[in-house]
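The values are calculated or read from the model by the stated rules, or taken from the named source; none is laboratory data. What you are looking at is a predicted structure, and each value in this text was computed from that prediction instead of being measured. Neighbour counts are summed over all protein chains in view; Cβ atoms, including those assigned to glycine, are modelled from backbone coordinates with ideal geometry. Ligands, DNA and RNA are stripped out before the accessible areas are found, and what is left, the full protein with its side chains, is counted by its heavy atoms. Shrake-Rupley method; radii C 1.70, N 1.55, O 1.52, S 1.80 Å.
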Amino acid sequence: MKRWLNEPLAHFLVLGALLFGVYAWLHNGESGSRVNGAGPVRITAKEIAFLTETWERLQQREPTREELHALVAGYLKEELLGLEAREMGLDQNDLIIRRRLAQKVEFLVKDTSRLTTPTDDDLRRFYEANMESFRSRARVSFTHVFFNPETHRDVAADAKAALAALSRGASAIGDIGDPFMLDAALRDDDQQTVAGLLGDPFAHAVFALKPGEWHGPIASSFGLHLVRVTEAKPVRQPEFSEVEPQVRERWRDERQREAKQRYYERLLKKYDVVVDESVKPLIGPLDGFAALANKAIGQRPEVPQGLE
């Protein structure tokens, strides 16, 4: 029983039942008549409060009497047009409406899955099972001198001559090399960042250097560089206590993903899904569709222009 109470899906089902019950109580007797277009559109204190509060959040003040009249007129227009659209069946096979309804269910599942509170043991087990993802990346800080191949007849020879001068203790770095778009000193960057700036081969070479000495020339995407690493930080595995907030958030994200997948698996069993024989070779069996659908959330194709 305790395990069932901690199950996010159980939270969702209970919350859904409560919402349905509250809605049915508030709108008792309205649903059937309004769907048929015969019932009244009610404007009650609840609607006025919603319109007023929404206005106050946006405008930071109460609406005037005229502004409230306009808000009610807009609400009434939207309600009547919505009823007429449903009466005409315009909500059927509508991509935007279907997507919005699906998103609402996803939001409910997401919110209820976060109701579960992990214990310290839960978080520690999750951390130990995913330690690699919490490791800090290796980082370097380095100074470099750039040599532009377009301004040197023999750029490699000039770079080597400058390396010899720097190795002998030359300190006027600003007088050596050519102008470059990046700063002469890069600080506390990981290999991916350095590769994005100067290329993968350059980054790989720099992260293999020992700090304190000038090295080179090393080729980048732009030319040749002399490099002196001033600080190198190796890969580090932080203690659990250092990354507990990140572990907690990742644990919640994982539980949320699992809850959404389980819920979708239930929907696949609840509703009949019939795949035409002509398309079966294209999509294969439905087994595993829940996991694929879970990954696809947020990657839906854009709505074609004109269907918004």
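Test Ala156 against the criterion of being open to solvent by less than 70 Å² (accessible area, probe 1.4 Å) and not aromatic (Phe, Trp, Tyr), and give yes or no. Criteria met by Ala156. Pairing residues of region 265-282 that are closer than 30 Å to Val109 by Cα with residues that are open to solvent by 100 Å² or more (accessible area, probe 1.4 Å) and assigned to a loop (DSSP other than H, G, I, E, B), at Cβ distances under 9 Å and at least 6 apart in sequence or on separate chains, gives no pairs at all. Considered as a group, the residues in region 112-127 that are assigned to a helix (DSSP H, G or I) and without any contact (Cβ under 8 Å) to a residue 40 or more places away in the chain include one that is least open to solvent (accessible area, probe 1.4 Å), and that residue is Asp120. Of all residues in region 266-279, those satisfying the criterion of being among the charged types (D, E, K, R) and either surrounded by 16 or more Cβ atoms within 10 Å (Cβ to Cβ) or not in a helix (DSSP H, G or I) (or both) are Asp272, Asp276, Glu277.
Among the criteria (1) of a type outside the set (Lys, Arg); (2) at pLDDT 90 or above; (3) farther than 30 Å from Asn130 by Cβ; (4) buried (at least 19 other Cβ atoms within 10 Å of the Cβ), the one Pro201 does not fulfil is (4). Yes or no: region 154-173 includes at least one residue that is in contact with a strand residue (DSSP E or B) (Cβ under 9 Å, 6 or more places away or on another chain), under 22 Å from Gly212 (Cβ atoms) and basic (Lys, Arg). Within region 154-173, one or more residues are in contact with a strand residue (DSSP E or B) (Cβ under 9 Å, 6 or more places away or on another chain), under 22 Å from Gly212 (Cβ atoms) and basic (Lys, Arg). Residue-level check: of (1) open to solvent by 60 Å² or more (accessible area, probe 1.4 Å); (2) part of a helix (DSSP H, G or I); (3) in contact with a Ser or Thr (Cβ under 9 Å, 6 or more places away or on another chain), Leu58 misses just (3). The one condition from (1) among the polar types (S, T, N, Q); (2) open to solvent by less than 40 Å² (accessible area, probe 1.4 Å); (3) modelled with pLDDT of 90 or more that Gln191 does not meet is (2). Test Val229 against the criterion of being within 25 Å of the chain's Cα centre (by Cα), within 30 Å of Val206 (Cβ to Cβ) and either modelled with pLDDT under 90 or aliphatic (A, V, I, L, M) (or both), and give yes or no. Against the criterion (within 25 Å of the chain's Cα centre (by Cα), within 30 Å of Val206 (Cβ to Cβ) and either modelled with pLDDT under 90 or aliphatic (A, V, I, L, M) (or both)), Val229 does not qualify. The single condition among (1) part of a helix (DSSP H, G or I); (2) under 30 Å from Glu242 (Cα atoms) that Phe50 does not satisfy is (2). Scanning region 61-80 for residues that are loosely packed, with under 11 Cβ neighbours inside 10 Å and either part of a helix (DSSP H, G or I) or in contact (Cβ under 8 Å) with a residue 60 or more places away in the chain (or both) turns up Arg65, Glu66, Ala73, Lys77, Glu78. Of everything listed in (1) more than 25 Å from Glu132 (Cβ to Cβ); (2) touching a helix residue (DSSP H, G or I) at 6+ places or on another chain (Cβ under 8 Å), the single unmet condition for Pro238 is (1). Pairs are defined by a Cβ separation below 6 Å, a sequence spacing of at least 6 or placement on different chains, a first member in region 243-258 that is more than 15 Å from Thr119 (Cα to Cα), and a second member that is assigned to a helix (DSSP H, G or I) and among the aromatic types (Phe, Trp, Tyr); the pairs so defined are Val243/Phe134.
Quick grid of which residues meet (1) aliphatic (A, V, I, L, M); (2) over 16 Å from Val227 (Cα atoms):
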residue: Asn130; (1), (2): no, yes
residue: Phe142; (1), (2): no, no
residue: Pro149; (1), (2): no, yes
residue: His152; (1), (2): no, yes
residue: Asp158; (1), (2): no, no
residue: Arg168; (1), (2): no, no
residue: Ala185; (1), (2): yes, no
residue: Asp189; (1), (2): no, no
residue: Val194; (1), (2): yes, no
